[in-house]
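J.: Got a structure here, written out as structure tokens. Questions coming.
The values are calculated or read from the model by the stated rules, or taken from the named source; none is laboratory data. Not measured: the values here are computed from a predicted model. Virtual Cβ from ideal backbone geometry, glycine too; neighbours counted across all protein chains shown.
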Amino acid sequence: MIPIADFLKIIAHRMVRRYPALAMKLRQAGFAYNAEDFLKRTLFSALIMTFGLSFVLLALVKTFELPKFFFLVIPIIFFGLFFFFMHSPDVKIMREQQQIGSEIVFAGRFLLIEMESGIPVYTAMLEAAKNYERIGKYLSHIIRHVDMGTPIEEAINQEVELTPSEDLRKVLWQILNALRTGADASKSLRAVIEQIVREQHIAITEYGRKLNPLAMFYMIIAIIIPTLGITMLVVLSTLVSLPLDFTILMVLLLFIAFMQFMFLSVIRSSRPPVGI
């Protein structure tokens, strides 16, 4: 009989061809393992959590005498957990993009001032890496490769491929083109920074437009409806002898808390990462 670890490794080896972009996503997200190992870990995590939830499901079936076909949701749970864990690199990349977006304008202007003052690109990147935490991580990679003997053009080109932020990629690409052609990088870099600022202004405007209907729906669904609904439920329970015990109230409380958490998460996730 094949051990579970070897079985998952065989499945991961066959599945890796269906996710050709996974290897690059893992590198951009900063994961230390390759695509096949990530698929193996994801399958194992989904299997373990499904196994644990199966015991909970079994207890519910026995307690509430649910029909046997209720166990058919176990494969759905497994695939749902699998696809949930598969999106962890995308979540990490999105979070990294937001953090870079909050610094990109300031770091770009810092590099622009340094270059306009006649400071070499290497020194400008070294100083920017000390002053900006998130972008400094990527600039430090370039500095480290250059210190190890890699030409600065090649080091920047490698970081252009690995950075998850399109804005940072534009800034590095302009510096790279200037180094290759011998042109003045300050003019093209200034144009890129101005474009990023305009895009962030547009993002702020769109966020303001989304915020008004989101706030209205939040007031209706998460505040008004639960408040009036519970009040009417208490009144009906006294008129028609509707059973309303502590357990039902706790379930309603948890549902309302979950709805509020979801609305706040949506509002927080839709907030644009700006630094202007």
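J.: Of all residues in region 111-131 being surrounded by fewer than 20 Cβ atoms within 10 Å (Cβ to Cβ) and under 27 Å from the mean Cα position of the chain (by Cα), which is farthest from residue 191 (Cα to Cα)?
T.: Once the filter is applied, the top-ranked residue is 130.
J.: Just name the residue that is farthest from residue 155 (Cα to Cα) out of those in region 79-135 that are out of contact with any helix residue (DSSP H, G or I) (no Cβ under 7 Å at 6 or more places or on another chain) and of a type in the set (A, V, I, L, M, F, W, C).
T.: 79
J.: Just name the residue that is modelled with the highest pLDDT out of those in region 233-274 that are under 30 Å from residue 206 (Cβ atoms) and among the small types (Gly, Ala, Ser).
T.: Across region 233-274, the extreme among qualifying residues is 257.
J.: Can you run down the residue pairs with Cβ atoms below 8 Å, 6 or more apart or on separate chains, where the first is in region 186-202 and within 17 Å of residue 169 (Cβ to Cβ) and the partner is outside any helix (DSSP H, G or I)?
T.: Note: pairs meeting the criteria are 197/276; 200/272; 200/274; 200/275; 200/276.
J.: Scan region 106-130 and report the pairs whose first residue is touching a residue at least 12 places away in the same chain (Cβ under 8 Å) and whose second residue is in a helix (DSSP H, G or I) and of a type in the set (S, T, N, Q), with Cβ atoms within less than 7 Å and a gap of 6+ or a chain change.
T.: 110/131; 112/186; 115/186; 116/186; 129/140
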